[in-house]
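I have placed the structure first, in the form of structure tokens, so that the comments after it can refer back to it.
The values are calculated or read from the model by the stated rules, or taken from the named source; none is laboratory data. Given the structure is predicted, the values throughout are model-derived calculations rather than measurements. Using ideal geometry, Cβ is built from the backbone for each residue, glycine included, and neighbour counts are taken over all protein chains shown. In case anyone asks, the SASA skips ligands and DNA or RNA and just uses the protein heavy atoms, side chains included. Shrake-Rupley method; radii C 1.70, N 1.55, O 1.52, S 1.80 Å.
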Amino acid sequence: MTNLVQPESAITIPVIDLSDSFSSSLALRSEVAAKIRKACCETGFFYVSNHGVPEEAIDSAAALSRRFFGQPDAAKLPLLGQGGYGYEPPRLQIIDETAPPDLKEGFMMSASETPMAQYVSWPEDMPEFREGLESYDRHMRQLGCHIMRCIALSLDLPEDYFDEGFSRPTSSVRVLHYAPRPRDSVANQIGAGAHTDWGAITILHQDEIGGLEVQTTDGAWVAATPIAGTFVVNLGDMIRRWTNDRYSSTMHRVLPPEGDRHRYSIATFFNPYDQYEVACVPTCRIEGDEPRYPPCTVGEHIQEMMRKTYEKSR
């Protein structure tokens, strides 16, 4: 069992309607960007509605995820990849270094044109699984590029400021399964330990079960209650580097579902290409002061974080 503090209401996580962000009117796009700016400064988390991703693409990926995880371990374990790619059994990763290994199981893919694709082993007897996730990934790349344009506008930058970095995005889609808490779990062992994400933005589809919680600046935990028709977007540590800590990457965690229920989610980690340099943007620099973070490449940052979290569980 666990002694974790119960979460508060989810009212502090805003829902942002993206409809006007697709408008030809700069004034309307700027109004959406202002809402995103407020969320980025205050919580680092927000929901997006009217995002343009077809429901059938989401439903298909979710159904395929359930089918994949419903297979016996003997069918999944041969798909174990490297660096978190391919299949990940429960208790392989430690995200929170102060806690036991995470209880979640997952499968992470990257598009065939990315360097990480070589680490992904796909189930040969379930070709529709690959087809469905690759289709979902294409939709999420479009949405990710659009959200990054909104974020650029929110920072008083040209909307295409980040376009070059995302011309070859290294997005990864990770389907996740959170089973009921096993009897042999130990204190403070949860679905995914408290952590910040490492990259630019994460776009999350969650089912109706819930379990995602976000930590506020005063240390309280807020439930990111599932809202139909939305994605949850959160900022990663890369955004902090870009904005000199003006925008936040926020601690979050996932609790195991209660009773005999199972939780499923799909996380898209949306990042620039590996060699892209991440440095403080001009609108977040104070003249005469050095940026808080030195420039680094995307690949250097992500690989170091991956190595740390998986080595801790061995």
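Some notes on this structure:
- Evaluation of residue 151 against the conditions (1) under 25 Å from residue 115 (Cα atoms); (2) surrounded by 23 or more Cβ atoms within 10 Å (Cβ to Cβ); (3) among the aliphatic types (A, V, I, L, M); (4) modelled with pLDDT of 95 or more shows that the sole unmet condition is (1).
- If the condition is being open to solvent by less than 20 Å² (accessible area, probe 1.4 Å) and in contact with a helix residue (DSSP H, G or I) (Cβ under 6 Å, 6 or more places away or on another chain), then segment 95-110 contributes 109, 110.
- Pair list, Cβ < 9 Å and 6+ apart or interchain, from segment 218-229 residues that are more than 9 Å from residue 13 (Cβ to Cβ) to residues that are among the β-branched types (Val, Ile, Thr) and open to solvent by 20 Å² or more (accessible area, probe 1.4 Å): 219/5; 220/5; 221/5; 226/209; 227/15
- Filtered residue count, segment 128-148, keeping only those that are of a type in the set (Val, Ile, Thr) and open to solvent by 10 Å² or more (accessible area, probe 1.4 Å): 0
- Cβ-Cβ contacts under 8 Å between residues 6 or more apart (or on different chains), taken from a first residue in segment 145-161 that is closer than 19 Å to residue 202 by Cβ to a second residue that is assigned to a helix (DSSP H, G or I) and open to solvent by 10 Å² or more (accessible area, probe 1.4 Å), are listed as 146/22; 150/29; 154/34; 154/37; 155/37; 155/283; 155/284.
- Boolean, residue 164 is open to solvent by 10 Å² or more (accessible area, probe 1.4 Å), in contact with a helix residue (DSSP H, G or I) (Cβ under 8 Å, 6 or more places away or on another chain) and outside any helix (DSSP H, G or I): no
- Looking across segment 204-258 at every residue that is aliphatic (A, V, I, L, M) and in a loop (DSSP other than H, G, I, E, B), the one that is surrounded by the most Cβ atoms within 10 Å (Cβ to Cβ) is identified as 224.
- Enumeration of residues in segment 83-122 that are assigned to a loop (DSSP other than H, G, I, E, B), under 19 Å from the mean Cα position of the chain (by Cα), modelled with pLDDT of 75 or more and within 24 Å of residue 272 (Cα to Cα): 84, 85, 111, 114, 120
- Screening residue 305 with (1) assigned to a loop (DSSP other than H, G, I, E, B); (2) open to solvent by 40 Å² or more (accessible area, probe 1.4 Å); (3) of a type in the set (A, V, I, L, M, F, W, C) gives one miss only, at (1).
- The single condition among (1) of a type outside the set (Val, Ile, Thr); (2) closer than 26 Å to residue 107 by Cα; (3) free of Cβ contacts under 8 Å to residues at least 60 places away in the same chain that residue 174 does not meet is (3).
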